[in-house]
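The structure is given below, and queries will be raised subsequently.
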Amino acid sequence: MSDPSPRLTAALADRYRLERELGAGGMATVYLAQDLKHDRKVAIKVLRPELAAVIGAERFLREIKTIATLQHPHILGLIDSGEVNGTAYYVMPFVEGESLRDRLNREKQLPVADAVRIATEVAGALDYAHRHGVIHRDIKPENILLHDGSALVADFGIALAASKSGSTRMTETGMSLGTPHYMSPEQAMGERDITARSDVYALGCVTYEMLVGDPPFTGSTAQAIVAKVMTEKPVPLQRQRERVPDAVEDAVLTALEKLPADRFASAAVFAEALTGSARTATRTSTGRGPSWLSDWRSRLALGVAVIALAAAPVLQLRGRGGVDLARVSMAQKTFAQQTIFAARWSPDGETVVYSATNTRELGMGPGLGQRAVHPRLYVIRADYPEPQPFGPDSAHLLAVSSKNEVALLTHPRYLAQRLFVGTLARMPLGGGAPREVLEQVQEADWSPDGSQLAVTRPVGGGVQLEYPVGKVLYHSGDRGYLSDPRVSPAGDRVAFFDHQFQYDDRGTVMVVDTSGNSTTIDTVFGGLEGLAWLPDGKSLLFTAARNSPYQIRRAAVGGPARIALPSPGILTLHDVTADGRWLVTRDDRPTRVIVHPPGFAGSRDLSWLDGSRVSQISADGELITLSDDGTLSGVLYSTLVRQTNGAPAVRVGHGSPRGISADKRWILSWVPTTPPEYWLYPTGPGESHQLSWKELESVSSVTFFPDGRSLLVCGSETGKAPRCYRSPLDATAIDPVTPDSIATGLLRPDGRVLAVSRTDGWWIYPLGKGAPQLVPGSRGAIVVRWSPDGKALWVRGLTGGKPSIDRVDVATGRRTLLKTIEMPPDMPVFILGNIALADDPEVYAYNATSYISMLFVVEGVR
């Protein structure tokens, strides 16, 4: 490989230090570089000058902005882009690993399970891109990178920008889009309008090659290959490899149909067809799982069927990138209304032990840590898979040793975040009295041979880690604490979470050896809980939330973390079997959508998607919008619309809903991309369209005016302070309606006054003439909406320990109780989430949250 040219090196020297050429292709040259600002390795792709001349550097950079919005765990993202020496470049993360082409060159054919997994991950990335209007056009093994075994799709950018330059001008350069072995027939014919089904065809070719060693059509020249693509049928897979399952072959051959209409409608449907058989193939080829699983499934066939039906719309409407729970073996193990604190496998992987309490014991409201919580131990054995209590009446599980000895806390006192402190005791898993050995212990784990314990204990205002007991390896500091200590399979290290503040679920994943030398696994996460070593002792699984819902992640010691199991619920890791094949997890399903609809006495539970959040309710109370975490990356949401009478929800688009028009024809949605986007989606017939105001450099908020025919847009023109404007629904013009320095606000029902939150309280700003007015006593108030008469603000309150809505008079600040929120009678509510009110205060919708947990076992997540 040649060194970078001096001109290129000099042009980028203020931002990147080019080190060497990584490779060159027909369209670009790739260099390894050091990002000087962020001190990291990156890959810089520089377009060939003749290609840049065809596309135009400025046009290329404009088109590639679309790629910057694609945030998906299986898409190689865009970091930066620019123009240099008459051409264009863009910067991507440097992936340490290999391409799929490299692996195919080395292995020729892949195991069926690996081929299906890689194809499924790529399909998830493609489906995500397709739903955002981006077609790849050049899927091939060279553009699929393998990082820690996980697929990353690269090179969306060049194909997208080049495709818009026109095929004639591309031909003049001697370059073409696509690679003959993987071109769809319509792409080979030079059709301009390429659809997502062309990418499905290319992925079918790649999957075919992973399974049999060659793409479906080969030849000595590109023309010979294209001729076969147009006229011949691919040789069936099973003629070349008998062990390819029937369903996998059917899926691949369907993807390779000549006519686009005969292929799968989307990459997601292709993935579903592949994984239907892949689950069986994986289980039968990798060995035996827990013996009780198949018997238990048979006994609860009806229950599993109900779960599958309930999960179907979740998998349909959530972002389909990455892994979903339908693509691994997963079975529910508990069904009671319990809050589960900890769960562990027995050494043989046949028994699960866990500690839990009745959810109602936790109650609701603040001060939970001051209440008495009495957990019990339960066991699910191979010969009787229904949970059975055992041990003391009040005990909390810590760990199960290789000698079938349980470490537990007796007399546990609940602190916070499912954390207890008590007396450490040892008890045989087969039964017997516990033997207390050490006071004031929080958590513990056994050494691999079952002879020693690693413990965390509160000492000196913080928490210290001891392994073995008495030898201090780490201390949290006075304000912090440590949690989830887990001893490595070799017994030479302990992994744990280091939290900067007490009882804060944010923290850092750490590993310390027996000499006290510590290593940081990854940077600060939120929602840290559940930590387990994989059998090789080189990697860890743990649960965390980072700009996304809770996900199970995997990280090598000293390396970054990646998502190992995206899930539609809040899936929390607890333990891994000794062979690493099975997980025991806790799924918290706390969020329910509760509605008091018009003309109905009492509430309706309209829960439909776990994690969905109430956004708005129409003035008449008949329509609600929900924001569902629609992608596993947590960047985008699904905008859902639903009738409050319980009619099925309809997804109208992406983003977080920001308003419902007065005639209920339009939903305004905010899409948290970079930069953010605002869209109008029709609730019935009509076309969605993006809102864009050319006069504004930035937009901070958009809401409907009460007439439903115009919008209140708050933002700033170049070089000016923010203010608010009136705009028609087609965003063709803006008209300023407020003074400077107003970034957002709530419109009064008549559309003439804006309520604005300041540090000293809520201010009333007339739109037009008039002086602003401070609402007395409104500092810190959480305003839900204006009253229908425009004389008061409705704010959240707490009356008699129950959540309420209070009325605050804007002229006097007088506060009176308007409505006490009715809680679901069948669920101990812990948190009242988002709330929306109609004009009638008896009509409202909100999210209710509690800690109801269920245990699952999961296979196939590595």
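Rounded to a whole number, what % of the accessible area of the stretch 444-494 do carbon and sulfur atoms account for, probe 1.4 Å?
Exposed carbon and sulfur together represent 48 percent of the surface.
Quick check: residue separation of residue 538 and residue 506 times 0.36 nm, minus the Cα distance between them. What number comes out in nm? Before the final figure, lay out the partial values.
Numbers: separation 32, 0.36 × 32 = 11.52 nm, distance 2.34 nm.
Difference between extended and current length: 9.2 nm.
With each label point set 7 Å from Cα along the Cα-Cβ vector, what nm distance links residue 107 and residue 233?
A separation of 3.0 nm, rounded to one decimal place.
For the stretch 54-127, with the dipole built from +1 on Lys and Arg beta-carbon atoms and -1 on Asp and Glu ones, taken about the Cα centre, which of 123, 90, 70 lies farthest toward the positive end?
Ranked along the dipole, the leading option is 123.
Now for a separate question. Each label point is 7 Å from the Cα along the Cα-to-Cβ direction; what then is the distance between the points at residue 336 and residue 39, in nm?
Label-label distance for residue 336 and residue 39, simple model: 5.2 nm.
Something else about it: What full-extension length gain, to one decimal in nm, is calculated for residue 697 and residue 433 as 0.36 nm per residue of separation minus the Cα-Cα distance?
Length gained, residue 697 through residue 433: 88.0 nm.
Hey, with R₀ at 35 Å, roughly what FRET efficiency would residue 707 and residue 759 work out to, going by the Cβ-Cβ distance, to 0.05?
Values: r = 32 Å, r/R0 = 0.91.
Efficiency computed from Cβ-Cβ geometry: 0.65.
Work out the FRET efficiency for residue 740 and residue 773 from their Cβ-Cβ distance, taking R0 = 25 Å, and round it to the nearest 0.05. Display every interim value, and only then the final one.
Values: r = 18 Å, r/R0 = 0.71.
According to the calculation, E is roughly 0.90.
Rank 438, 450, 472 by how far each Cα sits towards the positive end of the charge dipole of the stretch 437-496 (+1 on Lys, Arg Cβ; -1 on Asp, Glu Cβ) and give me just the farthest.
Selected residue: 472.
Now, a different point. Loop-only trypsin sites (Lys or Arg not before Pro) in the stretch 671-760, please: DSSP not H, G, I, E or B, and at most 15 other Cβ atoms within 10 Å. Don't skip to the answer; put the middle values down first.
Values: sites: 694, 709, 720, 723, 726, 752, 758; in loops: 694, 709, 720, 752.
When the trypsin sites (Lys or Arg not before Pro) of the stretch 671-760 are filtered for loop state and at most 15 Cβ neighbours within 10 Å, 694, 709, 720, 752 remain.
Could you sort 802, 333 by accessible area so the largest value comes first, with the probe set to 1.4 Å?
On the way: 802 115, 333 5 Å².
Sorted by accessible area, descending: 802, 333.
Rounded to the nearest 20 debye, what is the charge dipole size of the stretch 716-828 about its Cα centre when +1 sits on each Lys and Arg Cβ and -1 on each Asp and Glu Cβ?
For this selection, approximately 320 debye.
Cα to Cα, under 24 Å, and not fewer than 8 places away if on the same chain: which lysines meet these conditions relative to residue 791?
Answer for residue 791, where 24 Å is the Cα cut-off: 769, 819, listed by chain and number.
Could you tell me the calculated FRET efficiency between residue 9 and residue 515, based on Cβ-Cβ distance and R0 = 41 angstrom, to the nearest 0.05?
Calculated transfer efficiency: 0.40.
For residue 478 and residue 221, compute 0.36 nm times the residue count separating them, minus their Cα-Cα distance, and round to one decimal in nm.
85.5 nm
In nm, to one decimal, how far is the modelled label at residue 814 from the one at residue 195, with both set 7 Å along Cα→Cβ?
According to this spin-label approximation, the distance is 6.5 nm.
The values are calculated or read from the model by the stated rules, or taken from the named source; none is laboratory data. Note that the coordinates shown come from a computational prediction; the quantities given were computed from them, not determined experimentally. Because the Cβ atoms are built from the backbone with ideal geometry, glycine has one as well, and the counts that use them run over all protein chains shown. For the accessible areas, the whole protein counts, side chains as well, though only heavy atoms, and no ligand, DNA or RNA atoms are used. Shrake-Rupley method; radii C 1.70, N 1.55, O 1.52, S 1.80 Å.
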